[in-house]
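What follows is a set of notes on a single structure, which appears directly below.
What follows is calculated from the coordinates using simple rules that are stated; it is not laboratory data. The model shown is predicted, which means the values in this text are computed figures rather than measured ones. Quick reminder, even Gly has a Cβ in these numbers, built from the backbone with ideal geometry, and neighbours come from all protein chains shown.
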Amino acid sequence: MIACKPKTSTYLALSLVLIILFSGLIYILNHFYTVRSFGIIFYLFATVLLTLVILLLLVKMMASYKFISAGKSQIITRLPLRGKTKTYALDQVLVWEEEKITTNKRVFSQLTIVFDDKSSFTLSNHEHLNYDAFLDYLQKKLLKKRVDKMKKK
């Protein structure tokens, strides 16, 4: 069974950024409460901006916290924050596609799988472990259901 799960290093880095942003927000609010050496517009702008960035990062972290497993002619998707686990047979996969983008001599790959209940699952090579093994499994078992960019044009 091939299990793709989020990389711990990605979540540690994002958590560190969140802690820094949250500390900055607390500092700005404390500075406003005690010193007030800047104008009210600066405090309003800074707190709104920091709050929005914190919320966007939290939503991104929660949305990408998902697991997928493949093996024994089935694919199991698990979304722990929603409490959902679904098991799909391989014939329930409608299409799958891999997109590759090369920037700064690094390849970013994203895999999207669409199931017959119109739900989809997306994972990337920089955010999930065992991405290459999962891609090899799909190429072996579901090569006919792959969508190529050349066919779409």
Considering the dipole of the chain built from charges on the beta carbon (Lys and Arg +1, Asp and Glu -1) around the Cα centre, which of Thr51, Tyr131, Gln74 is farthest to its positive end?
-> Gln74
Note down the Stokes-Einstein diffusion coefficient of region 1-144 in µm²/s, whole number, using a Kirkwood radius over alpha carbon pairs, 37 °C, and 0.692 mPa s.
-> 184 µm²/s
With each run of n ≥ 4 DSSP H residues scored as -39500 (n - 2.57), what mean residue ellipticity at 222 nm is computed for the chain after dividing by its residue count and rounding to the nearest 500 deg cm²/dmol?
-> -14500 deg cm²/dmol
Per residue of region 131-143, in order, report the coupling 6.51 cos²θ - 1.76 cosθ + 1.60 (Karplus, θ = phi - 60°) as ³J(HN,Hα) in whole Hz, putting x for Gly and Pro.
-> 4, 5, 5, 5, 5, 4, 4, 5, 5, 6, 8, 10, 5
Could you work out the per residue convex hull volume over the alpha carbons of region 22-95, in cubic angstrom?
-> 111 Å³
Would you mind putting 129-138, 27-36, 115-124 in packing order, based on average other-beta-carbon counts within 10 Å, highest first?
-> 129-138, 115-124, 27-36
From the cross-link list Lys5/Lys60; Lys72/Lys140; Lys5/Lys84; Lys118/Lys145; Lys7/Lys141; Lys66/Lys86, the entries with a Cα-Cα span beyond 18 Å are Lys7/Lys141
Starting from 0 in steps of 5 Å, tell me what percent of the Cα-Cα pairs of region 106-146 lands in each bin.
-> 5, 20, 29, 28, 14, 4, 0
DSSP beta bridge pairing in the chain, given as percent antiparallel to the nearest 5 = 95 percent
Over what distance in Å are the Cα centres of region 54-103 and region 34-49 separated?
-> 41 Å
